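Chemist: One structure follows; several queries about it will come next.
The values are calculated or read from the model by the stated rules, or taken from the named source; none is laboratory data. All of these numbers come straight from a predicted model, not from anything done at the bench. For neighbour counting, all protein chains shown are included, and Cβ atoms are generated from backbone atoms with ideal geometry for every residue, glycine included. Keep in mind that these areas ignore ligands, DNA and RNA; they rest on the heavy atoms of the full protein, side chains included. Shrake-Rupley method; radii C 1.70, N 1.55, O 1.52, S 1.80 Å.
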Amino acid sequence: EFDEDAASDGSESETDRGPTYSSLLERYVSSLAVEDKKTETVAFFWSEIRKHPKEEGLYERFLRWLGQAQLVNEQLKAYDSAINQFDSNTWYNRLARWYVRQKRGRELTRYSRQLIAVFDEEEITDYLLRFAGYGGAPAGDTLDWDKKLAFDLYSYAHGRFPRNLFFVRGMLTYLSNTDEPQWSKLSAQYYFADRSIRD
């Protein structure tokens, strides 16, 4: 019989209602970790994702484990799978940040340009707002994450949408410190279109 008092006071423990899927998952993954069974853990997560493809939290948990296990190729596969499943800007941005953490400048540039080539104007703006300017220049990579990459992405987006003033301002930010003649030329071109440029 249903006990209203027990339900309303919120005192019911996991042992009263039984283990949750999440707690069982954590226990099983922990038991595999104790025995250092990386291959089995990867196979287990992929089989769970096949059974529950709409569970975003499962992808997130898998990616956390993959990061701890330092299985880079599997991480990339998991991000690709999540992007294909959810087709969400959140996952595109997570993959971009992963490229930054992995210090993969060339792949990040190629990936970002692919997104800018297919995204609509609003999606590109959102991607650049969330991403461009993250991080610092990593060792072993000549790419300047904060400045040069952001400028290249804004320029590429500007090529597709030349009237978007957000992209123009992104380019001007970089040019103001690096190329005054180019900054002057671009400012003059958009002088009457944007009050912030006039100011």
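Chemist: Modelled label-to-label distance, Lys51 and Gln102, 7 Å Cα→beta-carbon offset: nm?
Modeler: Placing both labels 7 Å beyond Cα along the Cβ direction yields 2.8 nm.
Chemist: What length, rounded to one decimal in nm, is gained on full extension from Arg110 through to Ser30, with 0.36 nm per residue of separation minus their alpha-carbon distance?
Modeler: Separation in residues times 0.36 nm, less the Cα-Cα distance, equals 25.1 nm.
Chemist: Set the bar at 21 Å for Cα to Cα. Now go through Lys51/Lys103; Lys38/Lys77; Lys51/Lys77; Lys37/Lys103; Lys77/Lys148 and name every pair that lies beyond it.
Modeler: Lys51/Lys103; Lys37/Lys103; Lys77/Lys148
Chemist: Residues in segment 97-129, backbone N under 14 Å from the label point at Arg169 (7 Å along the Cα-to-beta-carbon vector): list them, ranges by number please.
Modeler: So the set is 125-126, 128-129.
Chemist: With a 1.4 Å probe and all protein chains in place, put Leu58, Leu76 in order of accessible area, largest first.
Modeler: Leu76, Leu58
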